[in-house]
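A.B. asks: This is the structure, below, for whatever I ask next.
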Amino acid sequence: AISGLQSETRESSAPAGRHGSDGERRRPSPKAPRSQPPEPRSWTRTGLVAIAALALVLIGWNLFHSGSTSANQGPRHHQTVATASPKASPSGTPTPTPTATPSPLTLTGVQTVGSSGSGYQVQTVRYGVHGSQYWVVFQLVNGSGPPKITDGFDGPTTIYVEMQGVAAGTAVPQPPAGAVVSSITPGSVPGFSGAVYVIHLTRAAQLSPSLVPGNESGGAGERYLAIVQ
């Protein structure tokens, strides 16, 4: 009887975790896994995704901004070109035609004295009253032979005197105040290389030209007389 009690006691004292009710050995139950912190790779992957998304947003914003800027600037450029294109060419501006000084062919009452003398210069001009006539005397020096001198009217109060074989005209002494001749000025005629003088009158008058050899003292030269009356 005692031995039977001892056998029951051993069976009841056996660890419950190692033996089941059917006498088989039980495995210990696994422990619950502990929560582990996220790996560093997951953070890197998340950062790369965020950077890529931000880059896409910036690229889209730049494309939109540049497109809107070019669209706004387009009409301004077109307007500038349209405004600058109709500029007038300088060649389109009308240029006034210069008025040529009358030549003997366009003067009235044309008269000619002398012939083919040359090498003369106008030394001076003298004035004098002889009765009803007013003399204008051009003293010519340093030449030879009688020079060809042509005169005529350009209107009732303007006389042109063209002296072939005489150096280009320079300023000469002016007549006294109150005379029929108010002034004498150098002139020019296109294509004419000699001296040209313009006699301005205070009233309409007649002209009688003359060419006299020498000078008042009997020296060499020629005197052209424009006799106004």
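The values are calculated or read from the model by the stated rules, or taken from the named source; none is laboratory data. Here the structure is a predicted model, which is why all the values come from computation and not from measurement. All Cβ positions, even for glycine, are placed from backbone atoms using ideal geometry, and neighbour counts span all protein chains on display.
A.B. asks: Looking at (1) out of contact with any Leu (no Cβ under 9 Å at 6 or more places or on another chain); (2) in a strand (DSSP E or B); (3) under 24 Å from SER115 (Cβ atoms); (4) of a type in the set (Ser, Thr, Tyr), can you tell me which one THR185 breaks?
C.D. replies: It fails just one condition, (3).
A.B. asks: A further question follows. Answer with yes or no whether TYR197 is in contact with a Pro (Cβ under 9 Å, 6 or more places away or on another chain), among the aromatic types (Phe, Trp, Tyr) and more than 19 Å from HIS130 (Cα to Cα).
C.D. replies: yes
A.B. asks: Of all residues in region 179-217, count the ones that are over 28 Å from GLY145 (Cβ atoms) and either touching a Lys or Arg at 6+ places or on another chain (Cβ under 8 Å) or among the basic types (Lys, Arg) (or both).
C.D. replies: Residues that pass the stated criteria total 2.
A.B. asks: Name the single residue that is modelled with the highest pLDDT among those in region 161-178 being polar (S, T, N, Q) and over 15 Å from GLY128 (Cβ atoms).
C.D. replies: The qualifying residue modelled with the highest pLDDT is GLN164.
A.B. asks: Going through region 209-223 one residue at a time, which ones are in a strand (DSSP E or B) and in contact (Cβ under 8 Å) with a residue 40 or more places away in the chain?
C.D. replies: PRO209, SER210, LEU211, PRO213, GLU222, ARG223
A.B. asks: Just to verify a result, which residue in region 179-229, among those that are modelled with pLDDT of 95 or more and among the aromatic types (Phe, Trp, Tyr), is surrounded by the fewest Cβ atoms within 10 Å (Cβ to Cβ)?
C.D. replies: Checking each candidate, the answer is TYR197.
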